[in-house]
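Just so it is clear, none of the values below were taken in a lab; they were calculated from the coordinates. Computed from a predicted structure; not experimentally measured. Reconstructed Cβ throughout: ideal geometry from the backbone, glycine too, with neighbour counts over all protein chains shown.
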Amino acid sequence: MAQKKWSDLSPGQQRAIYVAGAVETVLTAAALWDLARRPADEVRGPKIAWALASFVQPVGPLAYFAKGRR
């Protein structure tokens, strides 16, 4: 099965990829911003681990917001 090129995708598919990328970028930035400003005693686990986990898309930032904050 050959991989599709960007030009082979419909405009709706291209738009969906742009939106998904923007959402992931905003979630990651928000998680890192919150993590940088939150005191360590208000974070479950080491802050560096959550910072690295934030780059695992899309579960990292979601996990931080769901389980990483006290």
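Of the residues making up region 27-41, just one is surrounded by 11 or more Cβ atoms within 10 Å (Cβ to Cβ) and of a type in the set (Asp, Glu), namely Asp34. Scanning region 3-26 for residues that are surrounded by 12 or more Cβ atoms within 10 Å (Cβ to Cβ) and over 30 Å from Ala63 (Cα atoms) turns up just one, Leu9.
Quick one: how many residues across region 42-57 are without any contact (Cβ under 8 Å) to a residue 24 or more places away in the chain and part of a helix (DSSP H, G or I)? I'd like the intermediate steps shown before the answer.
So in region 42-57, the residues without any contact (Cβ under 8 Å) to a residue 24 or more places away in the chain come out as 45-53, 56.
Retained after the next criterion (residues that are part of a helix (DSSP H, G or I)): 47-53.
Number satisfying all stated conditions: 7.
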